[in-house]
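Notes for the one structure printed next.
Read-outs throughout are calculated quantities, based only on the coordinates presented, and are distinct from any laboratory measurement. Being a predicted model, the structure only gives us computed values, none of them experimental. Backbone-built Cβ (ideal geometry, glycine too); neighbour counts: all protein chains shown.
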Amino acid sequence: MTESDEGSRALRDRLVDVGAELLATEGVQALTLREIARRAGVSHGAPRRYFPTHLELLSAIARRGFVELAARVEEARGTLGDGGADPRAQVAALGRVYLEFATRERGMYELMFRHDLLESGHLGLRDTSLPLFGVLVDLVGRVRPDADARVVAGSLWANLHGIAQLWRWGSLQLATGTDDFAPFLRTTLDAYLGPEDGR
């Protein structure tokens with residue numbers, strides 16, 4: 001790799017870094033090419049050398065979010081053992097990580113699932129996001145071999161996404177008087193996977 005290539009990659013990474021920082025502090029609406037360029041200290045046209053469209057830059061930022069979420073999922077599964085842990089416990093860990101990510105990384109979480117804003121076929125975004133869903137499908141299939149694992153996993157994910165959104169807006173806390181999403185996660189797992197053994 002030439003020095004010029006390294007410089008290009010460094011600037012490209014810097015633009016994604018700045019976009020992720022902006023997302024964390026100001027949300028999706030602040031992610032304009034001009035603002036990212038300004039904060040990165042480059043001309044407003046510079047991002048277009050690496051990201052010809054605004055959608056491609058947003059996709060690159062979202063990809064970083066999926067990479068981070070995948071790393072957290074793998075770390076959580078790793079604490080349960082080397083993949084041989086009870087699949088239901090792994091789904092519970094995955095659900096917990098997902099809800100924690102949604103509540104702590106609000107801007108990134110919102111962008112990651114805004115397919116109306118993203119070009120998911122670009123920059124490996126689908127290659128990063130779909131394997132996460134594949135992990136969930138595999139685990140659900142091991143817990144519920146009697147069911148269509150893809151449909152059950154999709155429904156479970158939609159339920160977790162709803163919990164995450166309502167939690168982020170403060171609606172669930174207001175309606176239920178709780179400040180812990182664990183009971184919602186447990187209830188969701190029971191609904192889609194059946195009650196945990198011994199309960």
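What FRET efficiency comes out for the pair residue 38/residue 127, r = Cβ-Cβ distance, R0 = 30 Å, nearest 0.05? Please list the in-between numbers first.
Values: r = 31 Å, r/R0 = 1.03.
After rounding, the FRET efficiency stands at 0.45.
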Checklist line | Cα centre as origin, Lys/Arg/Asp/Glu Cβ charges: the chain dipole, Debye | finding: 440
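I need 133, 66, 113 ordered by Cβ neighbour count within 10 Å, fewest first.
133, 113, 66
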Next item on the list: Just rank 109, 192, fewest to most, by other beta-carbon atoms within 10 angstrom.
Entry: 192, 109
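If we count other beta carbons within 10 Å of each Cβ, what is the order of 115, 54, fewest first?
Lowest to highest Cβ neighbour count: 115, 54.
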Check: Restricting attention to the alpha-carbon atoms of the stretch 55-193, what are Rg (one decimal) and Dmax (integer), both in Å?
Finding: 15.1, 42
Item checked: Distance between modelled label sites at residue 187 and residue 106, nm, 7 Å Cα→Cβ extension -> 2.3
Notebook entry, point to check: Can you give the charge dipole size of the stretch 1-52 about its Cα centre, rounded to the nearest 20 debye, using +1 on the beta carbon of Lys and Arg and -1 on the beta carbon of Asp and Glu?
Noted result: 240
Check: Using a simple charge model, +1 on the beta-carbon of Lys and Arg, -1 on the beta-carbon of Asp and Glu, nothing else, what dipole does the stretch 140-199 show about its Cα centre, in debye to the nearest 20?
Finding: 160
Check: Across the stretch 46-63, in residue order, what do the Karplus-derived ³J(HN,Hα) couplings come to in whole Hz, using 6.51 cos²θ - 1.76 cosθ + 1.60 with θ = phi - 60° and x for Gly and Pro?
Finding: 4, x, 5, 5, 9, 10, x, 10, 4, 4, 5, 5, 4, 5, 5, 5, 4, 4
Next item on the list: Return the sequence-ordered ³J(HN,Hα) values of the stretch 20-35 in whole Hz as given by the Karplus equation 6.51 cos²θ - 1.76 cosθ + 1.60 applied to θ = phi - 60°, using x for Gly and Pro.
Entry: 5, 5, 4, 4, 5, 9, 10, x, 4, 4, 8, 7, 9, 4, 4, 5
Notebook entry, point to check: GNM on the chain, C-alpha springs below 10 Å: top fluctuator among 80, 136, 69?
Noted result: 80
Next item on the list: Of the options 53, 128, 85, report the single residue whose Cα projects farthest towards the positive end of the charge dipole of the chain (beta-carbon charges: Lys, Arg +1; Asp, Glu -1).
Entry: 53
Notebook entry, point to check: Hey, if you put +1 on the Cβ of every Lys and Arg and -1 on every Asp and Glu Cβ in the stretch 1-52, which of 24, 44, 8 ends up farthest toward the positive end of that dipole?
Noted result: 44
